[in-house]
Each structure stands twice: as structure tokens, then as C-alpha cells.
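Inspection log for the structure reproduced underneath, given as C-alpha cells.
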Amino acid sequence: MLRNIPMSFLLAALVTSSPLLAARTNDQGAGQAKPKPAQGAPGAKPAPAPLTPADAAPLMGTWQIPLETPTGRLVGTLVFRTEAGKVVAGLSAPQFAEHKITDITKTGQVVTLKASTNYSGPLTAFSGPVTMVLTLTPKGPDMAAWFDFNNSGFQIGGTAKKKA
């Protein structure tokens, strides 16, 4: 069903449901033990770690992410900043207010932002849970940006460019 929902609607769901999303990202994984890879095991990948202000220094500021969606071009804005000593991000688009994201991790050079909410609104007939994972991978001075909604229910990518 999500494959038929335009990206702008899914982005709208994330941005317009800010209070619900903030509640879910703050308690996400509460009470659940996360498995740790065996140290020294062949092929073991490093575990994601919270993105620190020091790690985020090159990311701080505003990034533009043009996306070609089924309903046309959408330019998202991603802003990295620190609040109370922690890295947070804000995701917005011209027609949508900024939504704050606090679940931000780093594995090697890859930065991952996660958010989830329940959506029910006027933009689409879809109603239900929406999760978003935004993966940023260095690409020269830019970042390859890959959005995954509902665990591969809908995916879209673009190149994030830092505003001067």
C-alpha cells in the first residue's frame, strides 16, 4: 500500500505529526536489550553509536535534499544543531514546518536518523504507523541521502548539499 503513497505525503506525515514523533523517538527501544556483536568475530560490524557533537561538526548547519517524487520535485531541508549538549536534526520542506529528530547514530562514516509516528490526516487515505530511516553517506563534499519508509515500503534517494 505504501508504494502508492507519494513521498511528499510521507514527509508531510513525519513533519506534521511532530508531538507524536517526538514521543516515539524519545522512548524508542526503552526496556529492550540491544544485541552486541561478538568482538573480534569475523565479519562483525561496529555497533551504531549516538552521534556526538564532535562527530557531527562537519554536518552542522543546513543541508538541502532535492528529491524526485511520484508527484514532482520536493526539496527537503535538513538542519543539524546541538541542544543541551546533544545532536538533533530538523527536517522540513517549504510547505511543512520543521520536525525535530533526536534518534541519530553513526556507524563508521554513515549517519542514520530514525523517526516514527502514527499518521492519519487529510493528505492521503493512508492511516497507520509510519517509520522513517534516513541514511547519510559521504559523497565528496556532499552526502548521499537515502530515505526508507516502513522498512522498504517506500524508498527514495537524493544528494544532500550543504548550504553556504
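The values are calculated or read from the model by the stated rules, or taken from the named source; none is laboratory data. Just so it is clear, the structure is predicted and the values come from calculations on it, not from any experiment. Virtual Cβ from ideal backbone geometry, glycine too; neighbours counted across all protein chains shown.
Is it the case that some residue within the stretch 115-132 is out of contact with any Gly (no Cβ under 7 Å at 6 or more places or on another chain) and within 17 Å of GLY61 (Cα to Cα)?
No, the conditions are met nowhere in the stretch 115-132.
Return the pairs, sorted by first residue and then second, in which the second residue is modelled with pLDDT under 95 and in a strand (DSSP E or B), the first residue lies in the stretch 136-163 and is on the phi > 0 side of the Ramachandran plot, the beta carbons are less than 8 Å apart, and the residues are 6+ apart or on different chains.
ASN150/PRO129; ASN150/VAL130; ASN150/THR131; ASN151/THR131
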